[in-house]
Amino acid sequence: MDDLKAKYLGEIADAADEATLETIRVAAIGKKGEVSLKMRELGKMTPEERQTAGPALNALKNELTSALAARKAGLADAALDERLRNEWLDVTLPSRPSRQGTLHPISQASEEITAIFAEMGFAVAEGPRIDTDWYNFDALNIPSHHPARAEMDTFYMHRAKGDDRPPHVLRTHTSPVQIRSMEAQGAPIRIICPGGVYRADYDQTHTPMFHQVEGLALDTDISMANLKWVLEEFVKAYFEVDDVELRFRASHFPFTEPSAEVDIRCSWKDGTLKIGEGDDWLEILGSGMVHPKVIAAGGIDPDVYQGFAFGMGIDRVAMLKYGIPDLRAFFDSDLRWLRHYGFVSLDVPTLHGGLSR
Ligand code: DAH
């Protein structure tokens with residue numbers, strides 16, 4: 001009996017998994033197990049022998065049963081411990097850096113500009129980047145002999161010989177969207193149009209693709225004074241300064257009469273630009289009162305409606321605001337540059353929440 005006990009307790013202690021335990025259980029106390037067979041032999045014993053052997057066998061069976069149960073529980077605990085050891089997670093570790101990508105400064109500037117003009121009641125309009133020369137030039141009072149066509153370094157789309165459809169160009173400015181918006185919406189109208197434009201030009205301040213934002217406001221009572229106020233409010237909001245001085249310089253554009261180029265007062269100190277102070281002037285946009293011929297080309301009666309328009313270089317004002325010295329860097333796709341000058345994409349610019357952070 002002692003040998004049986006020692007043998008099975010030893011086997012149970014060594015069992016490495018539940019399947020082994022089950023084999024041991026069958027061999028010891030299963031129907032044909034060693035202990036069970038011994039119990040059957042009780043009948044052949046004398047009453048005296050039975051009196052000691054019976055309780056002893058029962059005790060052995062109970063002891064093995066509980067040893068099996070204990071070992072089974074032990075194995076389950078060990079398996080759980082093992083999982084806890086391997087599957088732990090340190091919740092105090094810092095999270096992964098979430099700034100995988102950033103918003104390009106031009107996108108940021110466009111969204112800031114849009115937020116400011118939206119507050120003043122301007123809707124965003126869009127037009128095609130490949131447009132007909134009628135929208136890009138003729139409708140804007142730039143007839144084919146006009147020197148402005150040559151000055152613009154226009155990219156013309158290829159046309160097959162004999163194709164007599166109107167020639168297409170990569171738009172050289174966002175001004176054609178004025179015409180398309182007038183056609184689509186009529187008057188009164190208040191829109192801005194930010195977007196890419198193209199000219200065959202390349203140096204530190206020129207790239208063949210760049211960005212403009214067009215503005216157009218037509219109503220029965222709009223004057224140059226409204227243009228001045230809108231632009232002053234815009235510049236203060238965009239450059240995040242309280243005071244700014246604008247200079248309206250008489251100029252000429254075929255699509256406005258009168259026309260003005262607008263400069264802002266600034267200073268260059270130690271290579272950094274300060275808006276609103278100093279003795280320098282920096283040109284940021286062209287503007288004027290929309291020419292009656294342009295209003296008519298947009299399908300609106302120029303004797304009833306009048307208003308202003310302006311065109312500003314987005315890349316230019318982004319460079320100024322964020323201190324970016326070379327325009328070409330905008331389009332190099334250099335990851336180090338993008339990480340340095342990029343913006344967190346979830347910080348949506350608003351006037352009340354702050355434009356740039
Ligand atoms: N389209 C002009 C350019 O690309 C800019 C411009 C000037 C737009 C005066 C206007 C404007 O709407 O009124 O140089």
**OP:** Could you tell me which numbered condition Phe343 fails, if it satisfies all but one of (1) surrounded by 17 or more Cβ atoms within 10 Å (Cβ to Cβ); (2) under 18 Å from Lys228 (Cα atoms); (3) of a type in the set (Phe, Trp, Tyr)?
**Re:** (2)
**OP:** Look through Leu57, Leu84, Leu89 and report the one residue that is closer than 15 Å to Met1 by Cα and either open to solvent by 50 Å² or more (accessible area, probe 1.4 Å) or in the same structural domain as Gly10 (by TED's automatic domain parsing) (or both).
**Re:** Leu57
**OP:** Could you tell me whether the stretch 279-301 includes any residue that is open to solvent by 40 Å² or more (accessible area, probe 1.4 Å), within 16 Å of the ligand (Cβ to nearest atom) and of a type in the set (Asp, Glu)?
**Re:** yes
Original post:
Within the stretch 60-71, which residues are free of Cβ contacts under 8 Å to residues at least 40 places away in the same chain and open to solvent by less than 30 Å² (accessible area, probe 1.4 Å)?
Top reply: none
Original post:
In the stretch 247-295, which residues are hydroxyl-bearing (Ser, Thr, Tyr) and in contact with a strand residue (DSSP E or B) (Cβ under 7 Å, 6 or more places away or on another chain)?
Top reply: Ser251, Thr256, Ser259, Ser267, Ser287
**OP:** Can you run down the residue pairs with Cβ atoms below 6 Å, 6 or more apart or on separate chains, where the first is in the stretch 209-223 and on the phi > 0 side of the Ramachandran plot and the partner is small (Gly, Ala, Ser)?
**Re:** none
Original post:
Out of the residues in the stretch 193-225 that are in contact with a strand residue (DSSP E or B) (Cβ under 7 Å, 6 or more places away or on another chain) and among the acidic types (Asp, Glu), which is most open to solvent (accessible area, probe 1.4 Å)?
Top reply: Asp219
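Out of Ser333, Ser356, which single residue is under 19 Å from the mean Cα position of the chain (by Cα), open to solvent by 20 Å² or more (accessible area, probe 1.4 Å) and not assigned by TED's automatic domain parsing to the domain that holds Lys274?
Working: Ser333 fails: not assigned by TED's automatic domain parsing to the domain that holds Lys274.
None of the other options fit; the residue is Ser356.
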Original post:
Looking at the stretch 238-278, which of its residues are part of a loop (DSSP other than H, G, I, E, B) and within 16 Å of the ligand (Cβ to nearest atom)?
Top reply: Pro254, Phe255
Original post:
Taking the stretch 133-145 as the region of interest, how many residues are within 15 Å of the ligand (Cβ to nearest atom) and in a helix (DSSP H, G or I)?
Top reply: 6
Original post:
Based on what the data block shows, is Arg190 part of a strand (DSSP E or B), surrounded by fewer than 19 Cβ atoms within 10 Å (Cβ to Cβ) and either modelled with pLDDT of 95 or more or away from the ligand (no atom under 16 Å from the Cβ) (or both)?
Top reply: no
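When the stretch 115-134 is examined, which residues are found to be surrounded by 18 or more Cβ atoms within 10 Å (Cβ to Cβ) and touching a strand residue (DSSP E or B) at 6+ places or on another chain (Cβ under 9 Å)? Give the derivation first.
Filtering the stretch 115-134 for residues surrounded by 18 or more Cβ atoms within 10 Å (Cβ to Cβ) gives 115-117, 122, 125, 127, 131-133.
Listed by number, the residues that qualify are Ala115, Phe117, Phe122, Ala125, Gly127, Asp131, Thr132, Asp133.
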**OP:** Give the stretch 253-272 a look and list any residue that's open to solvent by 60 Å² or more (accessible area, probe 1.4 Å) and modelled with pLDDT under 90, or say none.
**Re:** Trp268, Lys269, Asp270, Gly271, Thr272
**OP:** For the stretch 302-318, name all the residues that are away from the ligand (no atom under 15 Å from the Cβ) and open to solvent by less than 30 Å² (accessible area, probe 1.4 Å).
**Re:** Ala318
Subject >> Filter result (closer than 19 Å to Gly127 by Cβ and either more than 16 Å from the ligand (Cβ to nearest atom) or open to solvent by 70 Å² or more (accessible area, probe 1.4 Å) (or both)) within the stretch 146-177 >> reply: Phe155, Tyr156, Met157, Arg165, Pro166, Pro167, His168
Subject >> Yes/no for Ser95 being free of Cβ contacts under 8 Å to residues at least 40 places away in the same chain and not in a helix (DSSP H, G or I) >> reply: yes
Original post:
Within the stretch 20-54, how many residues turn out to be charged (D, E, K, R), under 18 Å from Lys5 (Cα atoms) and assigned to a helix (DSSP H, G or I)?
Top reply: 6
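One line per residue, one yes/no per condition, for (1) within 13 Å of the ligand (Cβ to nearest atom); (2) part of a loop (DSSP other than H, G, I, E, B); (3) modelled with pLDDT of 95 or more:
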site: Gly195; (1), (2), (3): yes, no, yes
site: Asp201; (1), (2), (3): yes, yes, no
site: Val213; (1), (2), (3): yes, no, yes
site: Ala225; (1), (2), (3): no, no, yes
Original post:
For the stretch 1-50, how many residues are loosely packed, with under 12 Cβ neighbours inside 10 Å and either over 21 Å from Ala73 (Cβ atoms) or charged (D, E, K, R) (or both)?
Top reply: 14
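The values are calculated or read from the model by the stated rules, or taken from the named source; none is laboratory data. Since the structure is predicted, the reported quantities are computational estimates derived from the model, not experimental observations. Note: ideal-geometry Cβ built from the backbone for every residue, glycine included; neighbour counts use all protein chains shown. Accessible surface areas use protein heavy atoms only, side chains included; no ligands, DNA or RNA. Shrake-Rupley method; radii C 1.70, N 1.55, O 1.52, S 1.80 Å.
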